[in-house]
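Structure provided below as structure tokens; questions to follow.
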Amino acid sequence: MDIQSAFEKICRPVFNNTPLTGLYYLRILNKAEYIALCTIPEWVEYKIENHLTIFAPLPNKNLPKQYYHLVPQIGDELHCKTIEDGKKLFQIFYPLDIFLQNKNYQELFSFAIDTDTPDVIHWYFNNQPLFTKILDYLQPEINKLVSNNYHKILKSDDPSKLPVPDQLIDSNTENSLPLSKRELDCLELLAKGYSSKKIAQNLNISFRTVEKHLENIKIKLNCNTKDQLIQIVENKIFTFSN
């Protein structure tokens, strides 16, 4: 069995039992060497050939050993092109990136679906224990595949073509969302049951500013309502650090 078929076989049980339909696996060894496996291999080739972002911009200077990152649908021009091309050309929607720190390398498991179904975001938030089980299954299976084919799949590239941020080299802070401090303040007060008016009074800002912050948060986190924002705070996938 070839490497691509073996990788797809490993992923099949996950896709058969969840809404997930795609996995992009990246093992980062240093700023120029990496291993990339994907259920849509053309997507990886396309990103590298077109100098698109290998993964979404990360919000913190440092990351914890395990970090869940709901990929924002907005960002700079290059990130937006990556998101849009993934949707239009490869049917990749609403990716959830999970970074894992290991002693000698970092891993990215990027899960996605193949339809424009925003409700999957709530499924992400409500299924952290399931993701833990999925990773417990995938890690040893992928490690075995990588070990048996290491020199065949190891890639070396110009570091400028593989922009690996320093976050993935030394990490020790808590999980965080890609939000500003003021947006986090508004979100945490919202989760405590504060109305927008009360949040404004508590933070000494205008009601309109609070509403603008909450609207920006909904865009960044792909949420449609304030109730969905509250689920993010209450869910244990994400914690907050300023």
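The values are calculated or read from the model by the stated rules, or taken from the named source; none is laboratory data. This one's a predicted model, so the numbers in the text were calculated from it and none came from an experiment. We place every Cβ from the backbone using ideal geometry, glycine too, and count neighbours over all the protein chains shown.
Determine which single condition A112 fails, assuming it passes every other condition in (1) more than 16 Å from Y46 (Cβ to Cβ); (2) surrounded by 21 or more Cβ atoms within 10 Å (Cβ to Cβ).
All conditions are met except number (1).
Then there's this: Going through the stretch 1-51 one residue at a time, which ones are touching a helix residue (DSSP H, G or I) at 6+ places or on another chain (Cβ under 7 Å) and small (G, A, S)?
A6, A32, A36
Output the residues belonging to the stretch 9-27 that are over 16 Å from L130 (Cα atoms) and among the aromatic types (F, W, Y).
Scanning the stretch 9-27 gives Y24, Y25.
So, in the stretch 128-145, of the ones that are touching a residue at least 40 places away in the same chain (Cβ under 8 Å) and farther than 14 Å from F15 by Cα, which residue ends up surrounded by the most Cβ atoms within 10 Å (Cβ to Cβ)?
Keep residues of the stretch 128-145 that are touching a residue at least 40 places away in the same chain (Cβ under 8 Å), which gives 128, 130-131, 134, 137-138, 141-142, 145.
Subsequent filtering for residues that are farther than 14 Å from F15 by Cα retains 128, 141-142, 145.
Numbers: Q128: 13, E141: 15, I142: 22, L145: 19.
That would be I142.
Table: residues versus (1) at pLDDT below 85; (2) of a type in the set (D, E).
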site	(1), (2)
D2	no, yes
S5	no, no
K31	yes, no
Y34	yes, no
L37	no, no
P57	yes, no
N62	yes, no
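Being of a type outside the set (V, I, T), surrounded by 15 or more Cβ atoms within 10 Å (Cβ to Cβ) and modelled with pLDDT of 90 or more narrows it down to one of F93, F125, so name that one. Write out each step before concluding.
Values: F125 fails: modelled with pLDDT of 90 or more.
Exactly one of F93, F125 is of a type outside the set (V, I, T), surrounded by 15 or more Cβ atoms within 10 Å (Cβ to Cβ) and modelled with pLDDT of 90 or more, namely F93.
Quick check on the stretch 101-113. Is at least one of its residues at pLDDT 85 or above, at negative phi, in a helix (DSSP H, G or I) and among the hydroxyl-bearing types (S, T, Y)? Give the steps one after another, and end with the answer.
So in the stretch 101-113, the residues at pLDDT 85 or above come out as 107-113.
After this cut, where a residue has to be at negative phi as well, the list is 107-113.
Filter once more, keeping what is in a helix (DSSP H, G or I): none.
No, the conditions are met nowhere in the stretch 101-113.
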